[in-house]
Every structure is written in structure tokens, then in C-alpha cells.
Amino acid sequence: LKDDRNDMTPVRWFRLNPIRCGAKSEDILQELSKKFPTRVNSWTNIAPGCIYHDEYIPGLFGVHPADKITSHELYKTGKVIIQDRASCFPAHILNASSEDLIIDACAAPGNKTTHVAAHIFQDQAVESVRIHAFEKDPERAKTLRTMINTAGCTKGIEVHVGDFTQLAKPGKFPDVTGFILDPSCSGSGIFGRKMIDDRNKSKADGASPVEEEEKEEEREDISDKDLKNRLEKLASFQFEIVKHAMSFPSAKKLVYSTCSVHAEENERIVVDLLLDSKVKEWGWRVRKRAGVIPTWSRRGFYKEFEEVFRDEDTAKELAEACIRVAPKEDGGIGFFAVCFERD
Ligand code: SAM
């Protein structure tokens, strides 16, 4: 029953949404165990009818892609949300609480925004705005609003349609404590086409259209030169947008992520930020491995830091602070995440 089609994700990941589940998480776990009677202890053993309780992200489960969770009531009512495991890392690392005010600078379709909301509101009533979600593309902003609605956190998230670097000035958000920064990237860690089987049906009946779709454009085969140019442009945008977020004086934590496998969009952005005089002046540093899912073994590329910092211990510490997820081999999309922080 192993799925060897190249375009399929090896695992369908979904997370419990405490905002919709309320105090009934236990009942939902029971429902899940009826649908998936066999619990396996590794995602590599998943077959139809099996469920894996993820060891890194609380409330995240993996099932076989042939088991259509999208036709299940729990999915349609937003009690569970389909989201790739790696894509759950940023909100988990940010670990926002009800004390926080978070900006998600590049929010649509809203997987990470609603995951942050799950951390902030948990199973409590959502009564005040604790998240500002920016999205520059008006069409994608509509999907974002639909997802927020499905996830049950409309009152807790204010959507701003426009360019984050233009709309969001530090003076306007003097109390922001943290950022999710998941900007447009090459998408080189995404493989195949995501299953979007009942999206239209879901939209029509007002239920969840929540299917992971981070890819903004079709990927095509491009020459090395074109790729180099494209990565350069993307990296410059990624650097600028993170730097803009770092200029907010009250912010203390920022999780940067991409679904790219290229160092240009990942470790090299970290290096450029650490070398930037303003970023230094503002006091930002990289949070060490101990605070960034330490048990996840695949970490950043040492070489990228060693080339710049020369000092072996610093390079090692920085590489260890970063998370890398290999496409397919690690059970889903390729991904990169790092957390910046300051006192
Ligand atoms: N974080 C999202 C999630 O988990 O569902 C995926 C984000 S996607 C990788 C990047 C998004 O950022 C796109 O929807 C894109 O339109 C938006 N974007 C790009 N540049 C932006 C900017 N300057 N301001 C606001 N949004 C931007």
C-alpha cells in the first residue's frame, strides 16, 4: 500500500483546532481513533486506517493520503485543519500566549496565522484582536478571511490587505510582541500538486476550504542563470521584509521561514541580517537550538555560516539554531525555519 507516486505527499498532516474543539478535544480524539483504528509510532509506517501522533507538534496527526480527511465532518467544521508538519513549526516555535500581540506579515492562505491563533486563544472564547495578518494580494486575502472564519477566530485576527512594508509602520503597532515572517519564496521545497479535491464544494457549503496551498505560482524548469537571478530578487525582498519587522521597537521574537531548499533564501538571509548594522543596533540575535525544537535532527547548513564567521563554534551554534526539513524524506514539504529574539 506504499504510495510511490512522485507527486503525492507521503503523509496527510492535520492538526486539532482548539478554538473550534473547545473543551471537547478528548471526544475528537475518540472520533479520530474510530476513523483511524491503528496507531503507529512512526509516520513511515502509515497505511490506510492508521494514525500517527506527531512527536514534535502537539495535536498534530499524520494519516495516509488515501484516507480522505477532507470528506470528514471534523474537517468541514474546522475542528481539524490540514497543514503540513513543517508548516506547523513556525507557530510552535513562536509559542505565542494570550499576553502576545502578533503580526503575521505574509499571511495568506492563513495556515500559520490560524495556528498562532490556536496558541493564543486555545479553547477560550475569541474576544479581542491579538493578531494582525497582512496580505498584499487581494484574492489571496479572500482565502485568508475564509480560513480565519472556518478556524473560528474572526474576532481575534484583523486582516490588512496591502504590502506589509508600506502599511505597517512601527508607530502604528507600538505593542506588537512578535512576528511570523513567511514571505514569498521560490517554493523549491514543495513537490507535486497539492490535493485540492473538494475545495469548491467546501466553499459552496460554507465549510472549510482549508487545504495547504502555499505555492503562489506554477513552478517551471528554468535555467541556472534564471534561477540565480530569481533567487537574488527573492532574497533581497526576504531580507528587506524581515528587517522591516525587526524595526518594530516592542517586538521580542520573530520566526522566519520559507518552503525553499536554497541557502540563498535561508541561511544566507540569516547571515545578512546578523551582519546588518541596524539589526545589530536593535539587539536581535538568533535563538539557540534549545529553544527551537531541539529534538528535530536536521539543522541548518554549517558551511554557510562557517564561510562568513570563520569561528567554528559560532558557525556551529548558528547552524544548529536553524531547522531544515527535507522534502519527502522528512514526511512532507521542504522547509526552513529560524527564530530571532532579543531581551
Ligand atoms: N504564511 C502563509 C501560510 O502559512 O498559509 C503562506 C504565506 S506565502 C509563502 C507568502 C504570502 O505573502 C503570499 O500570499 C504573498 O501574496 C504574500 N506577500 C508577499 N509579499 C508581501 C508583502 N510585501 N506584504 C504582505 N504580503 C505579502
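Please treat every number below as a calculation from the coordinates, not as lab data. Computed from a predicted structure; not experimentally measured. Methodologically, a virtual Cβ is constructed for each residue, glycine included, from the backbone with ideal geometry; neighbour enumeration extends over all protein chains shown.
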- Message: Against the definition (under 18 Å from the mean Cα position of the chain (by Cα), under 25 Å from Gly62 (Cβ atoms) and touching a residue at least 24 places away in the same chain (Cβ under 8 Å)), how does Ala321 come out, yes or no?
- Response: no
- Query: Has the stretch 98-112 got at least one residue that is assigned to a helix (DSSP H, G or I) and closer than 23 Å to Pro294 by Cβ?
  - Reply: yes
- Query: Before we move on, is Ile93 within 14 Å of the ligand (Cβ to nearest atom), among the β-branched types (Val, Ile, Thr) and more than 24 Å from Gly189 (Cα to Cα)?
  - Reply: no
- Query: Taking the stretch 165-180 as the region of interest, how many residues are without any contact (Cβ under 8 Å) to a residue 12 or more places away in the chain, of a type outside the set (Lys, Arg) and more than 8 Å from the ligand (Cβ to nearest atom)?
  - Reply: 1
- Residues of the stretch 11-48 classified as over 17 Å from the mean Cα position of the chain (by Cα), in a loop (DSSP other than H, G, I, E, B) and surrounded by 15 or more Cβ atoms within 10 Å (Cβ to Cβ), total: 2
- Item | Residues of the stretch 219-259 satisfying the condition of being surrounded by 24 or more Cβ atoms within 10 Å (Cβ to Cβ) and part of a loop (DSSP other than H, G, I, E, B) | Ala251, Cys259
- Note on the structure: Residues of the stretch 181-194 being more than 30 Å from Gly22 (Cβ to Cβ) and either more than 9 Å from the ligand (Cβ to nearest atom) or touching a Leu at 6+ places or on another chain (Cβ under 9 Å) (or both), in sequence order, are Leu181, Pro183, Ser184, Cys185, Ser186, Ser188, Gly189, Ile190, Phe191, Gly192, Arg193
- Condition set of a type in the set (Val, Ile, Thr) and assigned to a helix (DSSP H, G or I), scope the stretch 140-164, selection farthest from the ligand (Cβ to nearest atom): answer is Thr154
- Taking Tyr256 as the residue in question, decide whether it is more than 20 Å from Ile103 (Cα to Cα), in contact with a helix residue (DSSP H, G or I) (Cβ under 6 Å, 6 or more places away or on another chain) and among the hydroxyl-bearing types (Ser, Thr, Tyr). no
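Could you say which residue among Phe121, Phe61 is more than 16 Å from the ligand (Cβ to nearest atom), aromatic (Phe, Trp, Tyr) and either within 22 Å of Lys142 (Cβ to Cβ) or without any contact (Cβ under 8 Å) to a residue 60 or more places away in the chain (or both)?
Checking each option against the conditions leaves just Phe61.
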- Task: Only one of these is closer than 25 Å to Trp296 by Cβ, touching a helix residue (DSSP H, G or I) at 6+ places or on another chain (Cβ under 9 Å) and of a type outside the set (Phe, Trp, Tyr): Ile28, Ile46, Ile57, Ile19. Name it.
- Result: Ile57
